[in-house]
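Quick notes on the structure that follows.
Nothing in this text is a laboratory measurement; each read-out follows from the coordinates by a stated rule. Remember, predicted model here, so these are calculated numbers, not experimental data. Every residue, glycine among them, receives a Cβ derived from its backbone with ideal geometry; neighbour counts consider all protein chains shown.
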Amino acid sequence: MYDKIRNFLLFAGVDQTNYHMVLPKIKQTNRLMLTIASGFATAIIFVMLLLSFFIEGVKSNRLVYLIGFFAILIHFILSAFVAKKHDKLIKPLVYISCSIFYIYGISIGVFTDPGQKTVTFMVMLVLLPMLYIDRPIHSTFLSTCYVVIFIVLCLERKTGSVLSNDIIDAIVFGSFGAFINVICSHHKIQGFIQQQELQEISRIDVLTKMNNQNAFKLDLYSMHRRYHHSLACVYIDVNGLHDLNNDEGHAAGDALLQYVAKQIVECFGHELTYRCGGDEFVAFCPDMDRERLNETIEQLVSEVEKAGYSVAIGYDITRNRLQSINELVEEADFRMQANKNASKKGRK
């Protein structure tokens with residue numbers, strides 16, 4: 001029971017591992033909502049600020065509109081441009097955003113018009129938890145703090161039925177907002193997890209757990225953005241797979257492919273290594289000099305031979321940024337085939 005409550009408060013009811021797996025997606029979504037919410041709020045508050053110069057009933061809120069406009073404008077700039085490059089700012093900006101809106105709602109309801117029921121703050125208590133994805137314990141703590149501040153200020157500045165109604169509303173709407181945050185966050189995170197799982201199924205080779213041919217084809221379109229100076233393509237073909245399958249069975253062939261795949265990932269990393277066919281693999285090496293590339297290839301060949309297997313390898317390195325990635329892959333494949341044919345002749 002304790003674990004369920006803890007998981008509920010810290011991770012919106014989803015598994016901790018899955019929560020951290022989709023954390024980049026949560027940050028991306030929150031930054032988008034920050035930009036939209038702050039941009040929309042900037043426009044609305046600016047209009048209200050202008051109206052305060054012409055409408056007598058809005059004039060009393062002018063100072064709040066003025067401060068709110070500049071605060072949310074700065075927040076919009078940070079969300080739209082700065083947080084895009086520095087994602088560590090996203091979480092603090094979420095709390096700052098909520099604080100700005102809560103303070104804005106409290107100011108309107110307590111200072112500028114204390115004789116009327118507070119509406120704006122109550123709306124914020126329900127609306128804000130639906131906008132952002134956050135750990136329930138954090139969002140609930142933040143909204144509770146502002147509810148307490150609101151109640152204290154109401155006790156000082158409000159009287160009669162307005163006072164009692166506002167206090168009751170703040171408690172009710174604050175509790176409802178906290179509940180809404182848990183439900184929305186849970187369903188959004190669950191959706192991200194399912195999306196991630198589907199993406200992995202479509203991109204990961206079941207046998208070797210490497211990126212598959214589908215991932216290879218998709219990544220080719222963005223490969224030119226992954227390097228600054230040079231890009232090497234290493235094409236690898238496993239020798240003897242067909243014979244091994246015939247002589248010892250497919251289980252032995254699968255073990256061979258899994259072993260070679262493991263060594264490729266250990267040498268070249270997981271991100272840009274792919275199983276592109278039954279016995280063919282490709283690895284891309286951004287900005288790796290030729291000497292280090294040769295050393296890595298030699299390391300791979302050595303590790304494979306230790307297990308009694310062998311591979312044919314060919315590689316090519318971009319000569320300029322005008323060379324297409326497809327040409328690079330084709331040349332590496334051609335050199336691999338030449339290496340494979342030379343090995344066959346040598347064995348004869």
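Structure data summary
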| quantity | calculated |
| --- | --- |
| Asp287-Tyr95 pseudo-label distance in nm [points 7 Å out on the Cα-to-Cβ vector] | 3.4 nm |
| Val47/Ala338 FRET efficiency (R0 56 Å; Cβ-Cβ; nearest 0.05) | 0.20 |
| Pairwise centroid distance, computed over Cα atoms, of region 21-81 with region 101-180, Å | 18 Å |
| Magnitude of the charge dipole, region 213-347, Cβ model with Lys/Arg +1 and Asp/Glu -1, debye to 20 | 320 debye |
| Convex hull volume of region 268-348 per residue (C-alpha atoms, cubic angstrom) | 117 Å³ |
| Amide H partners (placed H, <5 Å) of Leu231, local residues excluded | Asp287, Thr318 |
| Per-residue ³J(HN,Hα) for region 327-337, Karplus 6.51 cos²θ - 1.76 cosθ + 1.60, θ = phi - 60°, Hz, x for Gly and Pro | 5, 4, 5, 4, 5, 5, 5, 4, 5, 5, 4 |
| Mean-position separation - Cα centroids, region 203-218 and region 254-283, in angstrom | 10 Å |
| Extension gain (nm, one decimal) between His86 and Arg319, 0.36 nm per residue minus Cα-Cα | 80.6 nm |
| Residues of type lysines that Lys91 reaches as a straight line, Cα spacing below 18 Å, ignoring anything fewer than 8 places off in the same chain | Lys25, Lys27, Lys188 |
| Where chymotrypsin sites (Phe, Trp or Tyr not before Pro) in DSSP loops with at most 13 other Cβ within 10 Å are excluded, longest remaining stretch of the chain | 55-220 |
| Nearest-20 debye value, region 2-201 charge dipole, Cβ charges on Lys, Arg, Asp, Glu | 380 debye |
| Within the chain: Cβ-based charge dipole about Cα centre, in debye rounded to nearest 20 (Lys, Arg +1; Asp, Glu -1) | 1160 debye |
| Using a Förster distance of 41 Å, the FRET efficiency for Leu73-Gln213 (Cβ separation, nearest 0.05) | 0.25 |
| Estimated vicinal HN-Hα couplings, Hz - region 238-253 in sequence order (Karplus 6.51, -1.76, 1.60; Gly, Pro = x) | 7, 7, x, 5, 4, 5, 5, 4, 6, 7, 10, x, 5, 4, 5, x |
| Label-point separation in nm, Asn165 to Val119, each point 7 Å along Cα→Cβ | 1.1 nm |
| Structure-derived P(r) over Cα pairs in 20 Å bins from 0, in percent: which label, when the choices are [x] 23, 36, 25, 14, 2, 0; [y] 31, 58, 11; [z] 30, 54, 16, 0 | [x] |
| Leading residue at positive end of dipole, region 49-140 (Cβ point charges), from Leu49, Ala83, Phe121 | Ala83 |
| Residues with amide H under 5 Å from that of Val311, placed H, sequence gap 5 or more | Asn239 |
| Built amide H within the under 5 Å cut-off of Ile204, gap 5+ | Asn212 |
| Loop-located trypsin sites (Lys or Arg not before Pro) in region 95-200 whose Cβ has at most 14 other Cβ within 10 Å (DSSP) | Lys117 |
